[in-house]
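Heads up: the structure comes next, in structure tokens.
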Amino acid sequence: VRWPTMERVGLLVALARTDLLDPRLAAAVLLLVATVQRRHAIVSARLDEFSDAGDGWGVWRLPPVRRKTGETGRAQAHHAVPLPPPVWAAVRGQFGEGPWLFPGMRPRRAGAPVGYLSESALTHLLAALPVLATLVGGPALGVVDGFYRAGSLVFGGGHVVLPLLEAETAGWVGH
């Protein structure tokens, strides 16, 4: 089993927070990183499984049938997954028509209804993000690189990181 490095996870989050990705895929990446659920659970998430928890937080009530333990019949209860404010905001931005949080881009077969986003779309995106980061230039990548090197990507910052970010963004942002 290969695990992604923290640098790669940070890069995924940073790119998901830019305008470089389709908002649907960006929200899927943030949900994947924040909840550490399987790709199938992410892409097949239903709108009725999400609720507001107050103070900017959300909750995903993941049913047992889409968890690894649910496949064996051992799990009986929904799993309540807290969603931090940045992730909850991205998820809320995907609320629309139909049952799926991430509806597919087209039917899987001619004449079939459009279901949820394909797992392979998320897999290919995750494989391509490091390459995208090296190929795409411009100010968005400069911001990603600055935040990446400062180490503030995932869900925080703090009194130590803020001076680093101020130095990285000198001339970009005013007080």
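The values are calculated or read from the model by the stated rules, or taken from the named source; none is laboratory data. Bear in mind that the values here come from a model prediction, so they are computed numbers and not experimental data. Cβ sites come from the backbone with ideal geometry, for glycine too, and all protein chains shown count toward neighbours.
Among the residues of the stretch 6-56, which ones are touching a strand residue (DSSP E or B) at 6+ places or on another chain (Cβ under 6 Å), hydrophobic (A, V, I, L, M, F, W, C) and surrounded by fewer than 18 Cβ atoms within 10 Å (Cβ to Cβ)?
Ala53
Among the strands (runs of 3 or more DSSP E) confined wholly to the stretch 3-90, which include 2 or more residues that are modelled with pLDDT of 85 or more and among the small types (Gly, Ala, Ser)?
50-54
What tally of residues in the stretch 10-44 results from selecting those that are among the β-branched types (Val, Ile, Thr), touching a helix residue (DSSP H, G or I) at 6+ places or on another chain (Cβ under 6 Å) and more than 12 Å from Phe102 (Cα to Cα)?
Of the residues in that region, 3 qualify.
It is to be established whether one or more residues within the stretch 99-120 are exposed (fewer than 11 other Cβ atoms within 10 Å of the Cβ), at pLDDT 80 or above and within 19 Å of the chain's Cα centre (by Cα).
Yes, the stretch 99-120 contains a residue that is exposed (fewer than 11 other Cβ atoms within 10 Å of the Cβ), at pLDDT 80 or above and within 19 Å of the chain's Cα centre (by Cα).
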